[in-house]
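Engineer: Provided herewith is a single structure, encoded as structure tokens, for subsequent inquiry.
The values are calculated or read from the model by the stated rules, or taken from the named source; none is laboratory data. All values reported here derive from a predicted model rather than from experimental measurement. Methodologically, a virtual Cβ is constructed for each residue, glycine included, from the backbone with ideal geometry; neighbour enumeration extends over all protein chains shown. The protein model used for the area step is the full one, side chains on, heavy atoms only, and it has no ligands, DNA or RNA in it. Shrake-Rupley method; radii C 1.70, N 1.55, O 1.52, S 1.80 Å.
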Amino acid sequence: MIGAVDIGGTKLAVGLVDEAGRVVARSEAATGPDSTYFAGLERMTGMLSQMAKSARVEITGIGIGSTGPVDPLAGELGEVDFLPHWRRQNPAQDLANFFGVKVALENDADAGALAEAAWGAGRDKSRLIYITVGTGIGGGIILDGKLYRGVGGAHPELGHQVIDLSGPTCSCGFSGCWEALAAGPAMSAWFRSQSPENDSYRTAEQICQMARKGDQLARQAVEREAHYLGLGIANLINLFTPDIIVLAGSLMKSAPLFLEQIRATICSGCRFVPHERTELALASLGDDANLIGAARVWYHRFAGEGSVVEERPEANRGM
Ligand SMILES: [Zn+2]
């Protein structure tokens, strides 16, 4: 039985996941900007131990999916914005010491990509791109069943492809990134800027709800959102032409509002690749997706034929 840990900005979830990707036990605790790492670690070990005892199973490995930048091969958390006291801590090492098992850590978008590829919408597809659209846009790339990593294990930032340089400035240094134009807050900001009162803040989910009821401005916001989602996805199809693109995240719960226009945008600009063979699918693992993803991180790193022996490449000495 694999222990799964999902480290998020507002909550810490743990669970037990079997070899078919089913969550057999789950529990969670709150986190926040004031929460300390050592209190969090104690919660993780406490909840996992308790759960294994109740289920009368042995934890044979642990997978972790975490928000924010991580160093997956070292098992270390990076500059996690939401959890300042957790920066540079190493939950993979600490859990390995406590439980005496192998532990693997990935960014949560990569964990989601691995889970959908193995147990979800991307089963039997060898080239998959997973995109999650919510308060930001993140993603993961699976090529030939393995997670794609950049130099030194770096996680590529799909949400920071530039879509329109005249767009809003972004924290990455550019303007008009996909995330700055198409994540939930961008949809809310545009809606507010166009509404006559100019003071009514609506979440992206609320705007989608209003659009379904026929609100004119909300429908325009949906159209604009679908246009930008489509451009970012079309770029990924031109660059990778994957077998499947899996769409996840809170905004994709409203995907039926966007899909037709996304497909039209892809058709209008991907004519040099067989774009019609790239399937667009919705994430299929439901509310337990993060725990399932965390468990899959362990399988990807350590189990069976699909496992990957990864060592940190030597420092690039350049020319
Ligand atoms: Zn950016």
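Engineer: Does Val273 qualify as being within 16 Å of the ligand (Cβ to nearest atom), among the aliphatic types (A, V, I, L, M) and either modelled with pLDDT of 95 or more or open to solvent by less than 80 Å² (accessible area, probe 1.4 Å) (or both)?
Structural biologist: No: the conditions fail for Val273.
Engineer: Considering (1) in a strand (DSSP E or B); (2) farther than 17 Å from Asn90 by Cα, say which one Pro33 fails and leave the rest.
Structural biologist: (1)
Engineer: Identify the residue in segment 50-84 that is loosely packed, with under 15 Cβ neighbours inside 10 Å and part of a helix (DSSP H, G or I) and, among all such residues, is modelled with the lowest pLDDT.
Structural biologist: Across segment 50-84, the extreme among qualifying residues is Pro84.
Engineer: For segment 85-98, enumerate the residues that are open to solvent by less than 50 Å² (accessible area, probe 1.4 Å) and part of a helix (DSSP H, G or I).
Structural biologist: Trp86, Pro91, Ala92, Asp94, Leu95, Ala96
Engineer: Restricting the search to segment 177-198, which residues are open to solvent by less than 20 Å² (accessible area, probe 1.4 Å) and within 16 Å of the ligand (Cβ to nearest atom)?
Structural biologist: Scanning segment 177-198 gives Cys177, Trp178, Leu181, Ala182, Ala183, Gly184, Ala186.
Engineer: For segment 140-197, what are the residues that are touching a Pro at 6+ places or on another chain (Cβ under 8 Å), part of a loop (DSSP other than H, G, I, E, B) and under 19 Å from Gly293 (Cα atoms)?
Structural biologist: Answer for segment 140-197, where residues must be touching a Pro at 6+ places or on another chain (Cβ under 8 Å), part of a loop (DSSP other than H, G, I, E, B) and under 19 Å from Gly293 (Cα atoms): Tyr148, Arg149, His155.
Engineer: I'd like to know if segment 199-206 contains one or more residues that are buried (at least 16 other Cβ atoms within 10 Å of the Cβ), within 15 Å of the ligand (Cβ to nearest atom) and not in a helix (DSSP H, G or I).
Structural biologist: Checked segment 199-206: no residue is buried (at least 16 other Cβ atoms within 10 Å of the Cβ), within 15 Å of the ligand (Cβ to nearest atom) and not in a helix (DSSP H, G or I).
Engineer: Which condition does Thr169 not pass, out of (1) more than 10 Å from the ligand (Cβ to nearest atom); (2) of a type in the set (Ser, Thr, Tyr); (3) without any contact (Cβ under 8 Å) to a residue 12 or more places away in the chain, if it passes all the others?
Structural biologist: Unmet condition: (1).
Engineer: Something else: Would you be able to say whether some residue in segment 139-155 is modelled with pLDDT under 95, of a type outside the set (A, V, I, L, M), within 16 Å of the chain's Cα centre (by Cα) and within 16 Å of the ligand (Cβ to nearest atom)?
Structural biologist: Yes, segment 139-155 has at least one match.
Engineer: Let me ask you something else. Please go through segment 108-139 and pick out each residue that is in contact (Cβ under 8 Å) with a residue 40 or more places away in the chain, surrounded by fewer than 24 Cβ atoms within 10 Å (Cβ to Cβ) and not in a helix (DSSP H, G or I).
Structural biologist: Answer for segment 108-139, where residues must be in contact (Cβ under 8 Å) with a residue 40 or more places away in the chain, surrounded by fewer than 24 Cβ atoms within 10 Å (Cβ to Cβ) and not in a helix (DSSP H, G or I): Ala121, Lys125, Ser126, Arg127, Gly134, Thr135, Gly136.
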